[in-house]
1. For the charge dipole of the stretch 2-69, defined by +1 on Lys and Arg C-beta atoms and -1 on Asp and Glu C-beta atoms about the Cα centroid, which residue among 20, 52, 68 has the Cα displaced farthest towards the positive pole?
2. In sequence order, what are the phi-derived ³J(HN,Hα) couplings for the stretch 57-64 according to the Karplus relation 6.51 cos²θ - 1.76 cosθ + 1.60 with θ = phi - 60°, rounded to whole Hz, with x for glycine and proline?
3. Amide H of residue 355: which non-local residues (sequence gap of 5 or more, or other chain) have their own amide H closer than 5 Å, using H built in the peptide plane?
4. Can you check what the net charge comes to around residue 94, using other residues whose Cβ is under 14 Å from the Cβ of residue 94 (Lys, Arg +1; Asp, Glu -1)?
5. Skipping prolines and chain starts, which residues have an amide H placed within reach, meaning under 5 Å, of the one on residue 279, given they are 5 or more residues away or on another chain?
6. Below 8 Å between Cα atoms, with a sequence gap of 6+, how large is the relative contact order for the chain in percent?
7. Counting Lys and Arg as +1 and Asp and Glu as -1, each charge on the Cβ, what is the dipole of the stretch 2-69 about the Cα centre in debye, to the nearest 20?
8. What does the charge dipole of the stretch 92-438 about its Cα centre add up to, to the nearest 20 debye, if the Cβ of each Lys and Arg holds +1 and the Cβ of each Asp and Glu holds -1?
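Here, each number is a calculation from the coordinates, and none is a lab measurement. Keep in mind it's a predicted model, so treat the numbers as computed, not measured. Cβ: placed from backbone, ideal geometry, glycine included. Neighbour counts: every protein chain shown.
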Amino acid sequence: MKYSRYNHFLSSPRYGEFIYNAVTNSFVKIAEELRARIEEVKVWNEDALQAFPEDFRKVLLDHRIIVPDDFDDEYYLKKKYAKLSAAFNSDVLSLTIATTTGCNFACPYCFEKGAEPVVMNAEVEAKLLDFVKASPAQFLNVTWYGGEPLLNFGTIERLSEAFRALDKFKSIRYSIITNGYFLTKEKVDFLSGYDVTSIQTTIDGLAETHNRMRRAKNGEPTFDVIVNNMEAAARAMPKCRIQVRVNVSKQNGEEYARLYKQLTERWKEQKNISIYFSFVEDYGKCDVDCYNSEEKIRFIRELRERHGIHTQNFYPRSSLSLCVANSRHGYVVSANGDLYKCWSDLGKTDKVVGNIVEGKLTNYSLLAHYALDMDKFADTRCRDCFLFPVCAGSCPQHRYTTWRKEQQHDICPYEAVNIDAVLEMIYEDYLHFRPKES
């Protein structure tokens, strides 16, 4: 037996001493003297276990704090196998389709800034349909993307109808990422007939700030139009998840709490609308100031203590680190037919991995890197980290551009020095969100 490498002693000034185990994602509260006794054990065997009270021995074993010698390595291997099995699964074809690279907004943090506006034409649509026909997949997942996908709604209409007519998939699921400005009643009526499971838009602050951050190229304000359109879509599509994302940076962070309360109050009867924040990440063309690791934690802590807003999306949960980039049958399709493996690679010629019109893949080096060695399973630092079971292990694109020295990214979502503060908030989530006893 041994003390698992996925354990961590947490000393919280607020809540006391804990052993945190990431495999079971559990906190075991202990007295200081118990911690000292555990740290003194050099060899974990039956005699060492017997030195502790029977009920505590059971806790140590049930929560995977003390495990068989091969447990951690076996756990890692099984998770890696599960990830590769999912990544190379041919049953699901996932396509992120950019109907156009054009956009009516001029957001300062957009990673597609400067991309040439291209609208998907009939030839690319036909070749994309051929590509889908040839797939062995039984399930098709489509995300409409851009630019602003609604600027070329004709492609959405034609391909949606063509995919349905194939009659080869057990299910087709659609989602759309849109700035929401052109989400009119006519478009909502069409989307509601095609099992669109989610619509994501972005609101970046109270009206004045949002109209500055997510400004229309023609200078018109966009806040009220987006809010009204999303509200109407939520009512017309009650089974569709309406996700309102706030991209938080130092330019708008102090407004998030007020915006959250304003919109949750307005939409309190709309159960299918959720509001959440995501920290702005710099993909190379960002013109806003991003929060560093310590500032992110301070921001989340302030949301809780000053505003009573508990968010559960600030730290990755148990994850296979799977995304389009490292999935064999997942692609981003640009309006001109170029294929990519990551949304943020769109428009970068050196990141093209093939072309729909030409009907072939080309950049096998990038395909292989994304699929096999740009995740937590290929990183010995991640493998040996106690957070391995509950950490997504960073974005493959971030890993790749850092490895190639194209751009520097923090691979760890939070710096090690701040981990205890993060764990303390995860424990608070347990206290806050656990079912109330009757």
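1. Looking along the dipole axis, the top candidate is 20.
2. 4, 5, 4, 4, 7, 5, 9, 6
3. 339, 360
4. It works out to a net charge of +2.
5. 248
6. Numbers: 707 pairs, mean separation 74.4, N = 438.
Averaging sequence separation for qualifying contacts and normalising by length gives 17 percent for the chain.
7. Numbers: 10 positive and 11 negative charges, 60 e Å.
Charge dipole, the stretch 2-69, about its Cα centre: 280 debye, nearest 20.
8. Dipole about the Cα centre, nearest 20: 680 debye.
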